[in-house]
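Participant: Below are the structure tokens for one structure; questions will follow.
Just so it is clear, none of the values below were taken in a lab; they were calculated from the coordinates. Note that the structure is predicted; figures quoted are calculated from it, not measured. Reconstructed Cβ throughout: ideal geometry from the backbone, glycine too, with neighbour counts over all protein chains shown.
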Amino acid sequence: MTQRFDWPAHLVLLLGVALFILPIWLVLAGSTLDPAAISRGELSLIPRLAGLSVYPSVLSDGAFGAQPVWHMLMISFGMALAIAIGKIVISILSAYAITFFRFPFRMTAFWIIFITLMLPVEVRIIPTYSVMSDLDLINTFPGLTVPLIASATATLLFRQTFLAIPDELVEAARMDGAGPWRFLKDILIPVSSANLAALFVILFVYGWNQYLWPLLVATDPHLDTIVIGIVKMIGTETQTEWNRVMATAVLALLPPVAVVVLMQRWFVKGLTEGDK
């Protein structure tokens with residue numbers, strides 16, 4: 001029996017793809033146009049090959065007094081990488097302790113971590129800034145990353161994964177003389193590899209898109225992330241070089257897209273995998 005082709009479902013999917021791609025294509029095409037034409041609203045959906053020279057120019061020079069785009073990309077990449085790795089390391093250790101160790105107020109500690117999910121960044125940003133100021137971490141790279149590396153969500157996800165580990169496996173590891181560190185390194189981390197990959201992608205994109213915290217804690221232009229840089233590149237209506245702004249926006253999309261594409265198989269596996 002042949003399967004019928006589901007036209008309505010495919011049309012809806014194609015419409016969704018078009019809605020996502022059209023703004024990106026418009027920015028890509030606009031980056032190759034003359035800035036005066038963009039200011040007049042004369043946008044074209046057809047890129048001009050001659051206008052592609054704006055990309056090496058903006059990478060080395062920036063625009064409107066902003067830092068070179070390559071430098072801002074490096075700051076954003078380092079920040080996103082530090083946040084993703086830091087969140088995973090801290091979350092996996094805290095989930096491991098809460099799941100496999102027996103100590104007083106163990107569940108109280110877990111619920112305190114869980115309750116922090118209800119506190120948005122805006123609620124705790126002033127005391128966080130005060131702590132960073134007391135530690136003299138304003139306008140430093142650690143100041144950009146350290147307050148953002150704790151993650152209640154990742155801790156919860158790792159705890160649920162660890163709870164699915166069979167008791168027989170834990171007992172077998174204990175009988176073989178595996179200590180806590182070896183049990184974590186040789187059993188739990190390999191079992192959680194798909195979750196690690198999925199979380200890394202999500203947390204990398206989270207760190208890459210940070211705007212409010214870098215805006216407050218890093219007033220030094222040399223610590224501008226690419227998101228902050230794009231905002232700074234927008235001057236007044238007559239001064240903004242819109243083609244350079246759009247080129248920077250396209251370049252800002254490339255690293256997170258590359259991470260998602262390269263880790264797509266593990267990302268999907270981590271989101272769809274059931275109990276181990």
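Participant: Would you mind working out the magnitude of the charge dipole of region 156-262 relative to its Cα centre, with +1 at each Lys and Arg C-beta and -1 at each Asp and Glu C-beta, to the nearest 20 Debye?
Facilitator: 60
Participant: For the chain, which DSSP H helices look membrane-span-like by this rule: Cα extent along the axis of 18 Å or more and mean Kyte-Doolittle of at least 1.0?
Facilitator: Within the chain the helices that satisfy the rule are 7-30, 69-100, 193-208, 242-262.
Participant: Taking a ≥ b ≥ c as the square roots of the eigenvalues of the Cα gyration tensor of region 146-246, is the shape rounded (a/c under 1.5), prolate (a/b larger than b/c) or oblate?
Facilitator: Cα axes put region 146-246 in the prolate bin.
Participant: Identify, among TYR206, LEU253, PHE158, the residue whose Cα sits farthest towards the positive end of the charge dipole of the chain, taking +1 on the Cβ of Lys and Arg and -1 on the Cβ of Asp and Glu, with the dipole about the Cα centre.
Facilitator: Most positive-ward Cα: PHE158.
Participant: Computed from the coordinates I sent, semi-axes √(5λ) of the Cα gyration tensor in Å equals one of (i) 42, 28, 15; (ii) 30, 24, 18; (iii) 39, 28, 19. Tell me the label.
Facilitator: Of the labelled values, this structure produces (i).
Participant: If we count every other residue with Cβ under 14 angstrom of ARG244's Cβ, Lys/Arg +1 and Asp/Glu -1, where does the sum land?
Facilitator: -2
Participant: Tally Lys/Arg at +1 and Asp/Glu at -1 over every other residue whose Cβ is under 14 Å from the Cβ of LEU184; what's the total?
Facilitator: +3
Participant: Report the FRET efficiency, 1/(1 + (r/R0)^6), for ASP134 and THR219, where r is their Cβ-Cβ distance and R0 is 30 Å, rounded to 0.05.
Facilitator: For ASP134 and THR219, the calculated efficiency is 0.95.
Participant: Using only helices, what value at 222 nm comes out for the chain when you add -39,500 (n - 2.57) per DSSP H run of length 4 or more and divide by the total residues, to the nearest 500 deg cm²/dmol?
Facilitator: That comes out to -20500 deg cm²/dmol.
Participant: Test of understanding: in a Gaussian network model of the chain with alpha carbons linked when under 10 Å, which of ALA50, ALA252, ALA197 would top the mean-square fluctuation ranking?
Facilitator: In the Gaussian network model the winner is ALA50.
Participant: Quote the relative contact order of the chain in percent (integer), defining contacts as alpha-carbon pairs under 8 Å separated by 6+ residues.
Facilitator: Dividing the mean separation by the residue count of the chain yields 33 percent.
Participant: If you take the beta carbon distance between LEU49 and LEU262 as r and set R0 to 30 Å, what does 1/(1 + (r/R0)^6) give as a FRET efficiency, to the nearest 0.05?
Facilitator: Given R0 = 30 Å and the Cβ-Cβ separation, E is 0.60.
Participant: Have a look at MET107, VAL12, ALA36 and report the one farthest towards the positive end of the charge dipole of region 1-151, computed about the Cα centre with Cβ charges (Lys/Arg +1, Asp/Glu -1).
Facilitator: Of the candidates, MET107 comes out farthest on the positive side.
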